[in-house]
1. Residue by residue through the range 50-68, note down the ones that are over 19 Å from Glu21 (Cβ atoms) and of a type in the set (Val, Ile, Thr).
2. Using the structure shown, decide if Glu150 is surrounded by fewer than 19 Cβ atoms within 10 Å (Cβ to Cβ), assigned to a helix (DSSP H, G or I) and at pLDDT below 85.
3. Looking only at the range 102-118, filter to residues that are part of a helix (DSSP H, G or I) and at pLDDT 85 or above; which one of those is most open to solvent (accessible area, probe 1.4 Å)?
4. I'd like the residue in the range 93-108 that is among the β-branched types (Val, Ile, Thr) and within 11 Å of Lys130 (Cβ to Cβ) and, out of all such residues, is nearest to the chain's Cα centre (by Cα).
5. Restricted to the range 30-75, and to residues that are in a helix (DSSP H, G or I) and open to solvent by 60 Å² or more (accessible area, probe 1.4 Å), which residue is nearest to Ala103 (Cα to Cα)?
6. May I ask you to say which residue of Ile146, Ile88 is within 15 Å of Met69 (Cβ to Cβ) and either of a type in the set (A, V, I, L, M, F, W, C) or touching a residue at least 40 places away in the same chain (Cβ under 8 Å) (or both)?
7. Among the residues of the range 19-29, write down those that are open to solvent by less than 40 Å² (accessible area, probe 1.4 Å) and part of a helix (DSSP H, G or I).
8. Look through the range 119-147, keep the residues that are β-branched (Val, Ile, Thr) and within 18 Å of Ala103 (Cα to Cα), and return whichever of them is surrounded by the most Cβ atoms within 10 Å (Cβ to Cβ).
Amino acid sequence: EFVRRQTRDRDRPKVFHRARELFARMTRGRYLLHFVDLPHPAFRAEDTTTKVIHELDELSSATRVQLLMAVRMAFVEEMEQGPKLPLILDETLGNSDEYRAEAIIRAVCEICRDGRQVFYFTAQHDEVGKWRRLLADRPDLPHQVISLAEARQLPEFDEPSVLVDLQPT
């Protein structure tokens, strides 16, 4: 049993290891991704401070978003052939508190530093503020904030959507 536990994760596909790395980065090391094989395959998240392993439905909605985003991003990276396609996110911070929102934005910035363009859509002005605040500290990361209402010449109240376009470095 000891040998099985010790070698189980080592033999997992690269996509799992990348998802684990991304999830740890997004949660600033608070959680570690696990994959349980039996009886029903599923992801779990270990709280590194308490050592408690949680089912997905036991996580906060923000942590669940982080886990699923890490898994999806790892899968996309593994499946890509050729140039990196842009990542499109739509109000991904919607269920996140300030701490988790900042962690997600920092993780997205790292994804851009790895050479991927990211488009972030939101109709929430507080989310735009979070992006602006964190991107102000990253002059090396080319980006632009575009008001879609302004671009379409609509009154702001008709369509408050905003696009944050982060260019790869």
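1. Answer for the range 50-68, where residues must be over 19 Å from Glu21 (Cβ atoms) and of a type in the set (Val, Ile, Thr): Thr50, Val52.
2. yes
3. Glu102
4. The residue in question is Ile104.
5. The qualifying residue nearest to Ala103 (Cα to Cα) is Arg64.
6. From the options Ile146, Ile88, the qualifying one is Ile88.
7. Matches in the range 19-29: Ala19, Leu22, Phe23, Ala24, Met26.
8. Thr122
The values are calculated or read from the model by the stated rules, or taken from the named source; none is laboratory data. Keep in mind the model is a prediction, meaning the values are calculated, not measured. Because the Cβ atoms are built from the backbone with ideal geometry, glycine has one as well, and the counts that use them run over all protein chains shown. Calculation scope for accessible area: heavy atoms of the full protein, side chains included, ligands and nucleic acids excluded. Shrake-Rupley method; radii C 1.70, N 1.55, O 1.52, S 1.80 Å.
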